[in-house]
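The structure under discussion appears below in the form of structure tokens.
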Amino acid sequence: MSGQEGITPRQQLTVAQKLDHLLKLHAKPGNDDKPSYKTMAAEIAAQSGETFSGAYLWQLHRGERTNPTLRHLSALAAYFGVPVSYFTDDDVARSVIDEEDLARRELDRSMAEAGVSAVYLRGDLTALSPEGKRMAADMIRQIRALEQGTKKPPPPPRA
């Protein structure tokens, strides 16, 4: 089984699926190619001090290694900015995924309302954390309100 399958509402999530989701979120905007496993492994090792190889990361992503150590999960979690429980608790993983999706939709809506269509700007903003996306969406709404001469920006939409 590879990490390429989609995530459905109540299925048990594999480490490969969770890792695949994070890799897609952190891919360089406008580029379907993810950084090489070797590059990511080196970055994870440098950040965490934990031994990590590109081959091992590839095996985790492809579902060929299914029982990583807690040390490796901790290093992955720190690298991707998620709690370790993202990898060990499906409810936490779904919550992180849902939060990211909601923040992305809110940012897309704000940019569309403001007429932002520049691909490079959209790409830069999609690399932000969910909280960063919300802050960017709020800033776009505030700037639009100021330019339109309204005193108070519209409240942020909530799904």
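Every number here is computed from the coordinates shown, using simple stated rules; none is lab data. All figures in this text were calculated on a predicted structure; none of them were measured in a lab. Note: ideal-geometry Cβ built from the backbone for every residue, glycine included; neighbour counts use all protein chains shown.
Given the peptides 41-51, 74-84, 135-145, arrange them by the average over their residues of other C-beta atoms within 10 Å, most packed first.
Going by the mean number of other Cβ atoms within 10 Å, highest first, we get 74-84, 135-145, 41-51.
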Of the residues 96, 82, 35, the Cα lying farthest along the dipole of the range 23-111 towards its positive end, which is defined by charges on the beta carbon of Lys, Arg, Asp and Glu, belongs to 35
In this structure, the FRET efficiency calculated for residue 26 and residue 146 from their beta-carbon separation, with R0 = 25 Å, to the nearest 0.05, is 0.15
Classified through the alpha carbon gyration tensor (a ≥ b ≥ c as square roots of its eigenvalues; rounded if a/c is under 1.5, else prolate when a/b is larger than b/c, else oblate), the range 15-88 comes out rounded
